[in-house]
Amino acid sequence: MAISVYSKKKEDIEFQYWERCRNLPEEKLIALLGHNNFKLSLEAAKVLQLKGGSKVIKLAQMDCFSNSYKRRVLAAFILGQINLNSNEEKVSLDILYNLALTDKSAIVRSYAVSSFGHRCNRAKKYLDSLLALAKYTVLDKSVNVRESTAIALAMFDNKASIPLLIKLLKDTNSDVKDWAAFAVNANGYDTPEIRNCFVSLLNENNFEVRYEAIIGLSKMKDKRVTQALIKELSKDIIYDEMVQAAAYLGNVALLPVLYEIEKKWGSFNELNTSIKILEHLKSKL
């Protein structure tokens, strides 16, 4: 997918800020945390996170109680992946948990959920704590918090998260549903209720959501996805993953549309593989 002009400009700016920050001494980086330009402050926080050290850790833990929501955001971000000893980790997890549940700022809660997820990913023994937290954050009024919850749950292969992901699959926001579907597919979850949710997502206007639903249902070999897949394969822009999905699904009804793609675009590896698999299945009928 082509990168948008806006996204390219955003990446260029972030890189410029990173170049500005990466060789600065610790004191100057700490000073930048209070800069009016939040994006510059975030790049400074990234460098501090990589540098680590007890001074940065203590500062981040203290800033989680700052009156400034921006400082709380940056502090939560730093605590997400900075190297911590066991005591520092326990204290930081408690702080992040409380921020995720009680902070009045939605963006702070969102960053806290994300950082809590990263910490649990580094130390799997805390997964139960993430699941306990997610029971509340899947219901948060903020879209960003619910989206961060879906992303955090995607990091773990644990079937106990399925009921939470099902709630997120039924969310009113397409980005939340997209990440929840991604989490399901990333971990290979498959239940009747997940399948039914995915079938409902086939009618989404958001392509990313439909994409995850089509790929997921195809891998589950649920033939209710057949018409949606044919529709995607009949478009002027076709994604390789959709061609591969035909092989996952294993429905010979997809052969005609694959032949049309071959006629229009010529052969390529994904197409050849899918046609070969479906022709083999057809020969056994």
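The values are calculated or read from the model by the stated rules, or taken from the named source; none is laboratory data. Just so you know, these numbers come straight off a predicted model, no measurement behind them. When we count neighbours, we look across all protein chains shown, and the Cβ atoms used for this are built from the backbone with ideal geometry, even at glycine. Each accessible area value is taken on the protein alone, full model and side chains, heavy atoms only, with ligands, DNA and RNA left out. Shrake-Rupley method; radii C 1.70, N 1.55, O 1.52, S 1.80 Å.
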- Task: Calculate how steeply helix 143-154 sits against the longest principal axis of the alpha-carbon atoms of the chain, using the helix alpha-carbon long axis, and give the answer as 0 to 90 degrees to the nearest 10.
- Result: 70 degrees
- Message: What percentages make up the Cα-Cα pair-distance distribution of segment 59-212 when the bins are 5 Å wide from 0?
- Response: 2, 11, 21, 20, 18, 13, 9, 5, 2, 0
- Once both axes come from the Cα atoms, what is the angle between helix 174-187 and the longest principal axis of the chain, in degrees from 0 to 90, rounded to 10? 80 degrees
- Task: Can you check what the Kirkwood hydrodynamic radius comes to for the chain, Cα pairs only, in Å to one decimal?
- Result: 21.1 Å
- Message: Can you pull out the trypsin sites (Lys or Arg not before Pro) in segment 242-285 whose DSSP state is coil and whose Cβ has at most 10 other Cβ atoms within 10 Å?
- Response: Lys284
- Total formal charge among the other residues, if their Cβ is under 12 angstrom from that of Lys221, Lys/Arg +1 and Asp/Glu -1: +2
- Query: Over segment 66-138, what number does the Rg to Rh ratio reach, with both radii from the alpha-carbon atoms and Rh per Kirkwood?
  - Reply: 0.94
- Amide H neighbours of Asn251 under 5 Å, counting only residues 5+ apart in sequence or on other chains, H built in-plane at 1.01 Å? none
- Message: Given contacts defined as C-alpha pairs under 8 Å and at least six residues apart, what's the relative contact order of segment 114-163, whole-number percent?
- Response: 40 percent
- What's log10 of I(q)/I(0) for segment 142-285 at q = 0.11 Å⁻¹, Debye sum over Cα points only, no solvent? -0.43
- Query: For helix 207-219, what angle does its Cα long axis make with the longest principal axis of the chain, in degrees from 0 to 90 and rounded to 10?
  - Reply: 60 degrees
- Query: Contour minus end-to-end for Ala123 and Thr273, with contour as 0.36 nm per residue of separation and end-to-end as the Cα-Cα distance?
  - Reply: 50.0 nm
- Message: Rg over Rh of segment 1-122, using C-alpha atoms and the Kirkwood radius, what does it come to?
- Response: 0.99
- Message: Could you work out the relative contact order of the chain? I mean the mean sequence separation of Cα pairs under 8 Å and 6+ apart, divided by the number of residues, in percent.
- Response: 8 percent
- Viscosity 1.002 mPa s, 20 °C: Kirkwood-radius Stokes-Einstein D of segment 32-80 over Cα pairs, µm²/s: 206 µm²/s
- Would you please state the base-10 log of I(q)/I(0) at q = 0.14 1/Å for segment 115-182, with intensities from the Debye formula using one equal scatterer on every alpha carbon? -0.33
- Task: Could you tell me which trypsin sites (Lys or Arg not before Pro) in segment 47-119 are loop residues by DSSP with no more than 14 other beta carbons within 10 angstrom of their beta carbon?
- Result: Lys104
- Query: Accessible area per residue of the chain at 1.4 Å probe, in Å²?
  - Reply: 52 Å²
